[in-house]
Amino acid sequence: MRADARRNYERLLTEARTAFTERGTDASLEEIARRAGVGIGTLYRHFPHRTALMSAIFEDEVEALLARSRELLAAPQPCVALLEWLRAIVTHASTYRGLSRALMAAHSDDGSAMSRCSMPMLAAGSELLDRAQQAGAVRAGVDIADLMQLTNAIALAVEQSPDDPELADRLLTLTLQGLRARPSEPGPPPLRDAPEAGGAA
């Protein structure tokens with residue numbers, strides 16, 4: 001990429017990230033281009049559609065979630081590790097209004113630009129889920145794709161209820177209670193007992 005094209009690309013990403021944070025992923029592409037100092041045609045040359053722009057923005061942030069999942073693979077409590085990672089996903093998705101909907105759609109469309117973000121997340125989540133299942137904390141038969149869809153649905157619910165800061169904790173706790181290996185076994189620990197996302201495992 002030529003130096004001027006690279007500058008345009010980076011300016012577009014910067015302005016898009018700001019716009020998506022402030023107004024959600026439905027923010028005007030024309031306004032993003034204007035604030036970046038380029039025409040809408042330049043934006044479309046770099047990002048042929050809105051989803052491609054979203055994917056480019058979120059790839060760096062998804063890498064941080066993937067790095068955290070690798071750290072959590074060494075955590076002493078597999079169920080707490082899975083819980084912490086799901087909580088981090090909800091926090092991340094809630095940063096950009098509309099992101100959870102896009103990620104949910106990507107699960108059913110392997111050709112979507114957002115699949116570049118969702119597919120590595122599925123693989124990372126599968127490792128954490130397998131570890132929790134092997135430890136007997138989560139029942140067999142739970143599918144990571146279903147769990148990720150449910151997590152994104154929780155993020156969407158949180159997005160729609162900004163005045164209820166405890167909603168994510170309650171919904172994730174209910175979710176993990178449903179994953180217990182057998183009804184006679186104790187369920188996963190309450191979310192409030194888990195370490196904060198990004199903290200020590």
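The values are calculated or read from the model by the stated rules, or taken from the named source; none is laboratory data. Note that this is a predicted model, so its numbers are computed, not measured. Every residue, glycine as well, gets a Cβ built from its backbone with ideal geometry; the counts of neighbours run over all protein chains shown.
Pairs linking a residue in segment 21-42 that is within 14 Å of E10 (Cβ to Cβ) to a residue that is among the basic types (K, R) and surrounded by 13 or more Cβ atoms within 10 Å (Cβ to Cβ), with Cβ atoms under 8 Å and 6 or more positions apart or on different chains, are A36/R11; G37/R11; V38/R11. Could you tell me whether segment 76-94 includes any residue that is part of a loop (DSSP other than H, G, I, E, B) and assigned by TED's automatic domain parsing to the domain that holds D146? So far as segment 76-94 goes, yes, one or more of its residues are part of a loop (DSSP other than H, G, I, E, B) and assigned by TED's automatic domain parsing to the domain that holds D146.
Give the residues of segment 34-51 that are surrounded by 16 or more Cβ atoms within 10 Å (Cβ to Cβ), among the hydrophobic types (A, V, I, L, M, F, W, C) and either assigned to a helix (DSSP H, G or I) or on the phi > 0 side of the Ramachandran plot (or both), sorted by residue number. Scanning segment 34-51 gives A36, L43. The C-beta contact set for segment 1-14 (first residue farther than 11 Å from T42 by Cα, second residue surrounded by fewer than 14 Cβ atoms within 10 Å (Cβ to Cβ) and of a type in the set (K, R), distance under 9 angstrom, 6+ apart or interchain) is empty.
Selection of segment 12-33 for residues being of a type outside the set (G, A, S), crowded, with 18+ Cβ neighbours inside 10 Å and not in a loop (DSSP other than H, G, I, E, B) yields L12, L13, E15, R17, F20, L29, I32.
Filtering A56, A105 for residues that are at pLDDT 85 or above, part of a helix (DSSP H, G or I) and in the same structural domain as P165 (by TED's automatic domain parsing) leaves a single hit, A56.
Restricting attention to segment 131-148, the residues being assigned to a helix (DSSP H, G or I) and surrounded by 15 or more Cβ atoms within 10 Å (Cβ to Cβ) number 6. Kindly indicate whether M119 is out of contact with any strand residue (DSSP E or B) (no Cβ under 6 Å at 6 or more places or on another chain), in a helix (DSSP H, G or I) and touching a residue at least 40 places away in the same chain (Cβ under 8 Å). Spelling it out, it is not the case that M119 is out of contact with any strand residue (DSSP E or B) (no Cβ under 6 Å at 6 or more places or on another chain), in a helix (DSSP H, G or I) and touching a residue at least 40 places away in the same chain (Cβ under 8 Å). On the stretch given as segment 58-91, residues that are more than 30 Å from G136 (Cα to Cα) and surrounded by fewer than 21 Cβ atoms within 10 Å (Cβ to Cβ) total 3.
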